[in-house]
Amino acid sequence: MSNHAATLVAHKHPGDVEGVKIGMWLFLFTEMLLFGGLFIAYAVYRSIYSEAFHTAAANLDVTLGAVNTIFLLTSSLTVVLGIVALQKGKQKFAVLMIWLTVLFALGFMVNKYFEWSVKIHHGIYPGSPELLASHDKGEIVFYNLYYTMTGLHGLHVIIGLVVFFVVLYFIKRRPVVTEEMPFDILKHVRGGTRLAVLSEKGDELGTVAELDDKVELVDIRLTYEPVIEKMDPRNIIKLENAGLYWHLVDVIWIFLFPLFYLIS
């Protein structure tokens, strides 16, 4: 009876860390171009309708805007704490920080919902007959820019929420590693051979598959408990990129808040 000794070889495919980061920065650059154009439009119209912009801004709720600013600033802090925690292998604390970030983002959107609801209830929204009848052109332009820019920013907040949920999924899921038995080893054991699971003592625990002469490749998937030593390092990159995106969302609001809420 012949024995066939074969070594399982793990083929690792490390991600292109630098490429992923550069791709994220390029994406953020396009976002800056988008909002940069809107900020330029705001500056032009404000120079034309300076007094009307001041009058219209008086109708915005500065308190809600300030609370939302605190929410986003604090959420940026929790993102950073989550990234540092994950880098140090503190997975549970990182997950907690991500959930806090999600809660702050949801608080931001709830405040924005109530703020918009009040405005819409009073007929202050783009295309409203009441808005067109009771406000001059400069105020109408202000509210059009307000809804466009804060609405687009709110959409980015929602996208950020989705991204954080995806990152949470990857962090919390069970790590899976695929081990591959290459053909140059497999060709010596094909034909009338069984792939079996053995205990540490060499006892056969069960047959995995029959290796006939048609088998060309054997992949073995190993699933681990989500423990620190088996944590996927690519999750750190995912969270870092999510954090970069979230910081952009935060910075944009830092500009929106004084431009719309504090000019009165």
- Note on the structure: Scanning segment 133-144 residue by residue, the ones that are under 19 Å from PHE114 (Cα atoms) and in contact (Cβ under 8 Å) with a residue 40 or more places away in the chain total 1
- Close pairs from segment 8-29: first surrounded by 12 or more Cβ atoms within 10 Å (Cβ to Cβ) and at pLDDT 75 or above, partner part of a helix (DSSP H, G or I) and hydroxyl-bearing (Ser, Thr, Tyr), Cβ under 9 Å, at least 6 apart: MET24/TYR245; PHE27/TYR245; LEU28/TYR245
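Return a yes/no flag: does segment 19-38 have any residue that is out of contact with any Leu (no Cβ under 7 Å at 6 or more places or on another chain), among the polar types (S, T, N, Q) and outside any helix (DSSP H, G or I).
no
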- Residue list for segment 125-167, restricted to those being in a loop (DSSP other than H, G, I, E, B) and small (Gly, Ala, Ser): GLY127, SER128
- Candidates GLY123, GLY65 - the one that is over 17 Å from PHE164 (Cα atoms) and either of a type in the set (D, E, K, R) or crowded, with 17+ Cβ neighbours inside 10 Å (or both): GLY65
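Each row is one residue, and each column tells you yes or no for (1) in contact with a Pro (Cβ under 8 Å, 6 or more places away or on another chain); (2) modelled with pLDDT under 95.
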site	(1), (2)
TRP99	no, no
GLY123	yes, yes
MET149	no, no
VAL162	no, no
GLU179	no, yes
ASP184	no, yes
- Message: Looking at segment 85-97, can you tell me whether even one residue there is among the basic types (Lys, Arg), part of a loop (DSSP other than H, G, I, E, B) and out of contact with any strand residue (DSSP E or B) (no Cβ under 9 Å at 6 or more places or on another chain)?
- Response: yes
- Message: Out of GLY107, GLY82, I need the residue that is closer than 14 Å to TRP246 by Cβ, buried (at least 17 other Cβ atoms within 10 Å of the Cβ) and not β-branched (Val, Ile, Thr). Which one?
- Response: GLY82
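Considering only segment 100-116, I want to know if a residue exists there that is of a type in the set (Gly, Ala, Ser), out of contact with any strand residue (DSSP E or B) (no Cβ under 6 Å at 6 or more places or on another chain) and within 23 Å of ASN68 (Cα to Cα). Break it down into steps so the answer makes sense when it comes.
At the first step, the residues of segment 100-116 found to be of a type in the set (Gly, Ala, Ser) are 105, 107.
The next check asks that each one be out of contact with any strand residue (DSSP E or B) (no Cβ under 6 Å at 6 or more places or on another chain); those that pass are 105, 107.
Pick out the ones that are also within 23 Å of ASN68 (Cα to Cα) and you get 105, 107.
Within segment 100-116 (the criterion being of a type in the set (Gly, Ala, Ser), out of contact with any strand residue (DSSP E or B) (no Cβ under 6 Å at 6 or more places or on another chain) and within 23 Å of ASN68 (Cα to Cα)), the answer is yes, since at least one residue qualifies.
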- Note on the structure: By residue number, the members of segment 58-78 that are under 22 Å from LEU248 (Cα atoms) and of a type outside the set (A, V, I, L, M, F, W, C) are GLY65, ASN68, THR69, THR74, SER75, SER76, THR78
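The values are calculated or read from the model by the stated rules, or taken from the named source; none is laboratory data. What you see is a predicted model, and the numbers here were worked out from it, not measured in a lab. Because the Cβ atoms are built from the backbone with ideal geometry, glycine has one as well, and the counts that use them run over all protein chains shown.
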